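Undergrad: Below is a structure I'd like to ask you about.
The values are calculated or read from the model by the stated rules, or taken from the named source; none is laboratory data. Everything numeric here is computed off the predicted structure, so don't read it as measured data. Please note: Cβ atoms are built from the backbone with ideal geometry, for glycine as well, and neighbour counts cover all protein chains shown.
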Amino acid sequence: MTKKGKKSQKKTSANKSPLLKNDNQVLAKKEEGLTLHEQKAIDSAVDFINKQIDTASSSLIEVGEYLLKNFFEGDLQKVQNRAPRKGISLRKLAEHPDINMSFQGLSNAVNLAVQEKELGSVQAIGQLTPTHKIHLLKVPDLKEKKKYVSRIGKDKLTVRQFEAILVSDGYSKPRGMAAIESEKERKLLRSGFQKYLSPFEAIMEMNLSSLFGMPKTNVKSTYEAAKKARKQLDKIIVDLEGKLKLFTHISR
């Protein structure tokens with residue numbers, strides 16, 4: 001083989017050399033619809049959010065402010081835009097296997113941060129607790145939000161008092177005894193019998209579609225808890241069937 005032929009062979013072999021590790025990563029991220037830079041942004045967000053949640057001083061507002069700045073460039077209009085977003089998004093962040101917040105939790109955090117900016121000029125906002133602010137998310141109109149903030153500051157409303165006002169004004173649903181309209185059901189609840197039925201009713205009313213929005217770690221924990229609950233439910237059903245057969249026998 002001539003020297004020219006050997007050089008040509010070497011050149012061809014060089015062109016067929018394996019991709020570098022970084023090149024593979026870039027291609028992998030492109031397949032997922034993300035660049036390497038975007039994936040790093042999501043990884044950094046996961047680290048920040050998980051640290052916030054793990055500390056006693058964790059704050060949904062702080063998480064929301066981080067996401068507002070890094071995912072929406074601080075633009076409130078982009079948050080309100082419901083069109084699907086390319087690149088990094090809350091949905092892609094929620095799909096990260098290591099994140100400890102659901103998509104709904106991330107959305108609430110961003111909405112709290114937006115609300116904080118919108119109400120920044122209202123003097124009484126500093127008197128609201130984080131729980132006041134979470135309940136305030138139920139009010140869609142900004143003017144109404146400002147009225148409620150002023151009222152909370154003026155009347156020194158507790159969270160429970162504010163929640164009762166939101167129920168009265170139709171922004172929130174009643175909970176506990178106030179949510180039960182039937183006097184018969186109220187008597188059952190007062191007798192203590194309802195506490196045995198409530199867990200089963202809660203399972204029947206569970207929105208299973210919400211499970212698909214959970215992070216991987218939460219799904220695994222929920223799966224393990226559900227398996228244990230199934231064993232207990234099977235035992236309860238067998239015991240109840242035995243009681244019913246006994247009552248049927250006695251009534252005869």
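Undergrad: Residues that are surrounded by 18 or more Cβ atoms within 10 Å (Cβ to Cβ): which helices (runs of 4 or more DSSP H) entirely in the range 57-139 hold 2 or more of them?
TA: The helices (runs of 4 or more DSSP H) meeting that bar are 60-71, 90-94, 103-118, 130-136.
Undergrad: Let me ask something additional. Restricting to the range 143-160, and then to whatever is at pLDDT 90 or above, assigned to a helix (DSSP H, G or I) and loosely packed, with under 11 Cβ neighbours inside 10 Å, can you tell me which residue is nearest to the chain's Cα centre (by Cα)?
TA: Among residues in the range 143-160 that are at pLDDT 90 or above, assigned to a helix (DSSP H, G or I) and loosely packed, with under 11 Cβ neighbours inside 10 Å, the one nearest to the chain's Cα centre (by Cα) is Lys143.
Undergrad: Quick check: anything in the range 142-158 touching a Leu at 6+ places or on another chain (Cβ under 8 Å), in contact (Cβ under 8 Å) with a residue 60 or more places away in the chain and not charged (D, E, K, R)?
TA: no
Undergrad: Considering only the range 135-148, state which residues are under 25 Å from Lys69 (Cα atoms) and touching a helix residue (DSSP H, G or I) at 6+ places or on another chain (Cβ under 7 Å).
TA: Matches in the range 135-148: His135, Leu136, Leu137, Lys138, Val139, Leu142, Lys145.
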